[in-house]
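Everything on this sheet refers to the single structure shown next.
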Amino acid sequence: MLHIDVVAVGRLKERFWTEACNEYLKRLKSYAQVRVIEIADIDPSTSGGVEAALAKESAAILKAIPHDSYVILLDIQGKQLSSEGIASRLDALALEGTSAVTFVIGGSTGVDAEVKALAKERWSFGKITMPHNLARVVLIEQIYRAFKIIRREPYHK
């Protein structure tokens, strides 16, 4: 069974974000082991500026990523995939023997060069800007949808 980590900067504060994520995480239990690791977002005004905050967030991201995991960074400059493309890519990784995948969602200022260098792939949900909370919900839903597509099961709305 594939192990998937979602390393995300920021905490889900509003109940509707938490409920949406929890619903898809519950649905994913029969397909993969999925864990969400929240990284504290750092306020630049209290941490020495944007660069210092970015460095602290990125250091925490790097610490949270398992050493043997295949890292995919969500990045507005990344490759845009359809739901079927995401399913195909996750299926291919599993068939290649990858047992652990980590998705990274950076904070409002992104991630530093070291996190970008660790990522083997960069994916984008398009050229739109969305709140990181929404990006997390969309990612977890798309992972669930991918497993439904891989198994040729109907997607229940």
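Structure data summary
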{"read-out": "Backbone HN-Hα couplings from phi across region 144-152 [Karplus 6.51/-1.76/1.60, Hz, Gly and Pro as x]", "value": "4, 4, 4, 5, 5, 5, 4, 8, 6"}
{"read-out": "Rounded, prolate or oblate (a/c below 1.5 giving rounded, otherwise prolate when a/b exceeds b/c) for region 1-62 by Cα gyration tensor", "value": "oblate"}
{"read-out": "Fraction of accessible area attributable to carbon and sulfur, region 7-130 (%, probe 1.4 Å)", "value": "51"}
{"read-out": "Nearest-ten-degree value, helix 83-95 long axis tilted from longest Cα axis of the chain", "value": "80"}
{"read-out": "Relative contact order, percent, region 1-45 [alpha-carbon distance under 8 Å, six or more residues apart]", "value": "63"}
{"read-out": "Å² per residue, accessible surface of region 1-144 at 1.4 Å", "value": "52"}
{"read-out": "Residue with peak Gaussian network fluctuation, the chain [Cα springs, cutoff 10 Å], from Thr46, Thr109, Thr98", "value": "Thr46"}
{"read-out": "Length released on extending from Ser124 to Lys63, taking residue separation times 0.36 nm less the Cα-Cα span", "value": "19.6 nm"}
{"read-out": "P(r), alpha carbons of region 28-95 - 10 Å bins starting at zero, rounded %", "value": "15, 36, 32, 15, 3"}
{"read-out": "Expected-Rg normalisation [2.2 N^0.38 Å, Cα atoms] applied to the chain", "value": "1.02"}
{"read-out": "Of Phe16, Phe125, Phe103, the one that fluctuates the most in a GNM where the chain has Cα springs shorter than 10 Å", "value": "Phe16"}
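The values are calculated or read from the model by the stated rules, or taken from the named source; none is laboratory data. Keep in mind that this is a model prediction, so the values were computed, not measured. Protein only, heavy atoms only, side chains kept; ligands, DNA and RNA dropped before computing areas. Shrake-Rupley method; radii C 1.70, N 1.55, O 1.52, S 1.80 Å.
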